[in-house]
Amino acid sequence: MSELRRLNAGHAPAVLAFELANRAYVAASVSGYGEEYFDQFTDRHSALLADQEAGIGAFYVLVAGDGSALGRFNLYRFTDGTAAFGYRVARHVAGNGVATATVRKLCRLGAARYGLRRLRAATALENAASQRVLVKAGFVPDGPVDLGGKSDTWYQCDLVLQQ
């Protein structure tokens, strides 16, 4: 059984192990996921915790019963009731509904715990699996965006309609 937990300093080893184990899988669809990401992992993890403490982001880890990380789910850039949203799951759980269920849960958490009214997520045009997850969770396409030199699409979810 897995549990969604708010990111804390103790999650660093499990999150890094998750990132390393899923490196090639995630890199195929996430910009900026090269060697520099791993070289700066400790600083990035600390920065996420600082943003969370400052109330400008909320970061979650989907933790398996054995303590390993199955996925990461991030709400960030909180502005006027809107937040950016990003996620990734381990290759071995992809396609089993884990991402969709957890994205839905994050949508509810975003509204209830953080007072968010809208989430925006970008996904690469070639990432059909992520697009399906977002649509199943209530997101709708909202126009193009260029992130990291790739053609991506914004998806938006009105959290008021989700409740």
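Quick one: in segment 1-38, of everything that is assigned to a loop (DSSP other than H, G, I, E, B) and farther than 22 Å from SER130 by Cβ, which residue is farthest from the chain's Cα centre (by Cα)? Only one residue tops the list, namely MET1. Of the listed requirements (1) among the basic types (Lys, Arg); (2) in contact (Cβ under 8 Å) with a residue 60 or more places away in the chain; (3) closer than 23 Å to LEU49 by Cβ; (4) surrounded by fewer than 20 Cβ atoms within 10 Å (Cβ to Cβ), ARG91 misses just one: (3). Which residue pairs have Cβ atoms closer than 9 Å, lie 6 or more positions apart in sequence or on different chains, and pair a first residue in segment 43-56 that is of a type in the set (S, T, N, Q) with a second residue that is surrounded by 12 or more Cβ atoms within 10 Å (Cβ to Cβ) and part of a helix (DSSP H, G or I)? These pairs meet every condition: SER46/ALA12.
For segment 75-124, the candidate set comprises residues that are among the hydrophobic types (A, V, I, L, M, F, W, C) and in a loop (DSSP other than H, G, I, E, B); within that set, the residue that is farthest from ILE56 (Cα to Cα) is ALA94. Is it true that some residue in segment 2-10 is within 24 Å of ASP152 (Cβ to Cβ) and among the charged types (D, E, K, R)? Scanning segment 2-10 turns up no residue that is within 24 Å of ASP152 (Cβ to Cβ) and among the charged types (D, E, K, R). Taking the conditions exactly as written (of a type in the set (Val, Ile, Thr), under 20 Å from ALA17 (Cβ atoms) and either touching a residue at least 40 places away in the same chain (Cβ under 8 Å) or in contact with a strand residue (DSSP E or B) (Cβ under 6 Å, 6 or more places away or on another chain) (or both)), does VAL61 satisfy them or not? Spelling it out, VAL61 is indeed of a type in the set (Val, Ile, Thr), under 20 Å from ALA17 (Cβ atoms) and either touching a residue at least 40 places away in the same chain (Cβ under 8 Å) or in contact with a strand residue (DSSP E or B) (Cβ under 6 Å, 6 or more places away or on another chain) (or both). Would you confirm whether or not segment 110-119 contains a residue that is surrounded by fewer than 23 Cβ atoms within 10 Å (Cβ to Cβ), under 22 Å from ASN22 (Cβ atoms) and among the aliphatic types (A, V, I, L, M)? Within segment 110-119, none of the residues are surrounded by fewer than 23 Cβ atoms within 10 Å (Cβ to Cβ), under 22 Å from ASN22 (Cβ atoms) and among the aliphatic types (A, V, I, L, M). Of all the listed residues (TYR76, TYR60), the sole one being under 26 Å from ASP158 (Cβ atoms) and surrounded by fewer than 20 Cβ atoms within 10 Å (Cβ to Cβ) is TYR76.
Could you please find all residues in segment 81-105 being charged (D, E, K, R) and either more than 14 Å from the chain's Cα centre (by Cα) or farther than 21 Å from LEU20 by Cα (or both)?
So the first thing to find is which residues in segment 81-105 are charged (D, E, K, R), and the list is 88, 91, 104-105.
Those that are charged (D, E, K, R) and either more than 14 Å from the chain's Cα centre (by Cα) or farther than 21 Å from LEU20 by Cα (or both): ARG91, ARG104, LYS105.
Only the coordinates and a few stated rules stand behind these numbers; no lab work does. Nothing here was measured: the structure is a model prediction, and the numbers come from that model. With ideal geometry, Cβ positions are generated from the backbone for all residues, glycine too; neighbour counts draw on all protein chains shown.
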